[in-house]
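A.B. asks: Supplied in structure tokens, the structure appears directly below.
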Amino acid sequence: MIVTVSRSSLKGSIDAPASKSCMQRACAAALVAGGETIIRNGGISNDDEAALDIIKKLGATVEKFEGNLKITSTGVFPKHSEIHCGEAGLSVRMFTSIAALSPLTLTITGSGSLLQRPMDFFDEVFPQLNVGIKSNHGKLPFQIKGPIIPQTIKIDGSLSSQFLTGLLFAYSASNANDVSIEVTHLKSKPYVDLTLNVLNQFGMKVPENKNYESFYFDANNHSRPIKKHDYTVEGDWSGGAFLLVAGAIAGVIEVKGLDIQSTQADKEIIKVLQQCGCAIKIETDKIYISQNNLVAFNFDATECPDLFPPLVSLASYCNGNSIIKGISRLTHKESNRALTLKEEFEKLGIKIELKNDDMIVYGTSKVIGNTVDSRNDHRIAMALAVAGLKSEGQVQITNAEAINKSYPNFYDHLKLLGAELSSEPVKKNV
């Protein structure tokens, strides 16, 4: 699909999408905690659908009613030998350890860019936990055979905290006693907080967090069996960040459904918006934001790397040179995001320099129109669309359907706010 964005003025109110980080964790908890779970405000993205498909294949039943989800489970008892994770990085890293609770031989696979992401973690860690594994040289697909037996282990958390999240679920479901998961170089700590919060809400065994360096499962700390769970998925700060930046660049809008007390890492976007001088007002259930004279900012996104794309859109319209730290976290995303952002935004007249672990964005008062490519990366597609809202000339985005991975309604939401945006299918040669 090709989406064309023209210079626009935004106005109105919009609800943030459901958080796929919360949704996928809730699906995992519903599976391993057992009983009956009602999930409210469930997401509709490709990643959310992948998580639902995974838990069904691992033994849960899923019903939709009155806009909610009802999940029933007795634990991990696979109904299929192959678990397909789509392109969901969190799902493959989290559900692989959960699937290893079963003694059956299972194949874990995925599609698209997920097949190229490094998964050496499982090759290194699973043999220590009684789990057999055969991988494709550290990549998908791989075959596993449990059951996992919790032990005190040390892992490297520098690539992603999502591997740790999977182990925390598996250890908790196994009622691990007097063992620790010791972690070095842990990144994205707020997402670990989110995992621990979900474990607690579902009455599962929660480890003691020792300064994010060790997670200790105390034999005296027991789970709290709950037969019925009721979980409401939070609004998504990752998707909401694009809406907030769109307002800062091109309008006067309010975004509803974002919890300022959330443990989601990407709520840090608020600090950047305040730093760069946009007009912003935060209330309990909504955030008002409008365009203003924007100034350059300096921000460390190491703990929230998904903010890079909306931050580049924002920095493009800031007066001065903005510095965003943490590009080492961008290599193994849907694309190599640092290079993709540099190459695609330079087509719009934005100079970007990559220096050590920093991205320097040279702001300009004139973003030019051009044809750009999402590279099949959902966040790149959204960032380019937002950048086009005040560009001189139209911004035409190819592979624009990439947004379906996390925020299928994104273009519709921009149009509801008044964006001049059109879409057309790609013409195929016959």
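A.B. asks: Given the criterion surrounded by 19 or more Cβ atoms within 10 Å (Cβ to Cβ) and not assigned by TED's automatic domain parsing to the domain that holds Leu168, identify the matching residue among Leu90, Leu58, Leu10.
C.D. replies: Leu10
A.B. asks: Name, by its number, the condition in (1) more than 22 Å from Asn46 (Cβ to Cβ); (2) of a type in the set (Lys, Arg); (3) in contact (Cβ under 8 Å) with a residue 12 or more places away in the chain that does not hold for Arg93.
C.D. replies: So the condition that Arg93 fails would be (1).
A.B. asks: Filter the range 364-388 down to the residues that are over 12 Å from Thr4 (Cβ atoms) and part of a helix (DSSP H, G or I) and list them by number.
C.D. replies: His378, Arg379, Ile380, Ala381, Met382, Ala383, Val386, Ala387 - these are the residues of the range 364-388 that are over 12 Å from Thr4 (Cβ atoms) and part of a helix (DSSP H, G or I).
A.B. asks: Given (1) part of a loop (DSSP other than H, G, I, E, B); (2) in contact with a Gly (Cβ under 8 Å, 6 or more places away or on another chain); (3) surrounded by 15 or more Cβ atoms within 10 Å (Cβ to Cβ), identify the lone condition not met by Arg224.
C.D. replies: Here Arg224 meets the rest and fails (3).
A.B. asks: Quick test of your reading of the structure: Phe126 fulfils all but one of (1) without any contact (Cβ under 8 Å) to a residue 40 or more places away in the chain; (2) assigned to a loop (DSSP other than H, G, I, E, B); (3) under 25 Å from the mean Cα position of the chain (by Cα); (4) under 28 Å from Arg224 (Cα atoms). Name the failing condition by number.
C.D. replies: For Phe126, the failing item is (2).
A.B. asks: Output the number of the condition that Gly35 fails; it satisfies all remaining conditions of (1) touching a residue at least 12 places away in the same chain (Cβ under 8 Å); (2) touching a helix residue (DSSP H, G or I) at 6+ places or on another chain (Cβ under 8 Å); (3) not assigned by TED's automatic domain parsing to the domain that holds Thr398.
C.D. replies: The one condition Gly35 does not meet is (2).
A.B. asks: Could you grab me the full set of residues in the range 204-220 that are of a type in the set (S, T, N, Q) and within 18 Å of Thr184 (Cα to Cα)?
C.D. replies: Asn209, Asn211, Ser214
A.B. asks: Which one is surrounded by the fewest Cβ atoms within 10 Å (Cβ to Cβ) among residues in the range 238-251 that are more than 18 Å from the chain's Cα centre (by Cα) and of a type outside the set (A, V, I, L, M)?
C.D. replies: Gly251
A.B. asks: Something else: Listed residues Tyr231, Tyr191; which is assigned to a strand (DSSP E or B), touching a helix residue (DSSP H, G or I) at 6+ places or on another chain (Cβ under 9 Å) and under 30 Å from Asp15 (Cβ atoms)?
C.D. replies: Result of the check over Tyr231, Tyr191: Tyr231.
A.B. asks: Ok, one more. If the requirement is being modelled with pLDDT under 95, outside any loop (DSSP other than H, G, I, E, B) and either surrounded by 14 or more Cβ atoms within 10 Å (Cβ to Cβ) or assigned by TED's automatic domain parsing to the domain that holds Arg337 (or both), which of these qualifies: Ser97, Ser113?
C.D. replies: Residue meeting the stated conditions: Ser113.
A.B. asks: Could you check the range 67-90 and list, in sequence order, the residues that are over 27 Å from Arg379 (Cα atoms) and in a strand (DSSP E or B)?
C.D. replies: Of everything in the range 67-90, those that are over 27 Å from Arg379 (Cα atoms) and in a strand (DSSP E or B) turn out to be Lys70, Ile71, Thr72, Ser73, Glu82.
A.B. asks: Report the residue count in the range 4-28 for those that are in a loop (DSSP other than H, G, I, E, B) and more than 30 Å from Gln162 (Cβ to Cβ).
C.D. replies: 3
A.B. asks: So which of Glu254, Glu283 ends up being among the acidic types (Asp, Glu) and surrounded by 15 or more Cβ atoms within 10 Å (Cβ to Cβ)?
C.D. replies: Glu254
A.B. asks: Which of the following residues is assigned by TED's automatic domain parsing to the domain that holds Ala387, of a type in the set (Gly, Ala, Ser) and modelled with pLDDT of 95 or more: Ser335, Ser328, Ser316?
C.D. replies: Ser316
A.B. asks: For the range 29-66, name all the residues that are over 15 Å from the mean Cα position of the chain (by Cα) and in a helix (DSSP H, G or I).
C.D. replies: Result: Ala29, Ala30, Leu31, Val32, Ala33, Leu52, Asp53, Ile54, Ile55, Lys56, Lys57.
A.B. asks: From the set of residues in the range 164-188 that are charged (D, E, K, R) and more than 23 Å from the chain's Cα centre (by Cα), which is nearest to Ala265 (Cα to Cα)?
C.D. replies: Filtering the range 164-188 for residues that are charged (D, E, K, R) and more than 23 Å from the chain's Cα centre (by Cα), the one nearest to Ala265 (Cα to Cα) comes out as Glu182.
A.B. asks: Which residues, counting only those in the range 124-148, are surrounded by fewer than 16 Cβ atoms within 10 Å (Cβ to Cβ) and either under 20 Å from Pro103 (Cα atoms) or in contact with a His (Cβ under 7 Å, 6 or more places away or on another chain) (or both)?
C.D. replies: Hits for the range 124-148 are Glu124, Pro127, Gln128, Asn130, Gly132, Lys134, Pro147.
The values are calculated or read from the model by the stated rules, or taken from the named source; none is laboratory data. A quick note: this is a predicted structure, and the numbers were derived from the prediction, not measured. Backbone-built Cβ (ideal geometry, glycine too); neighbour counts: all protein chains shown.
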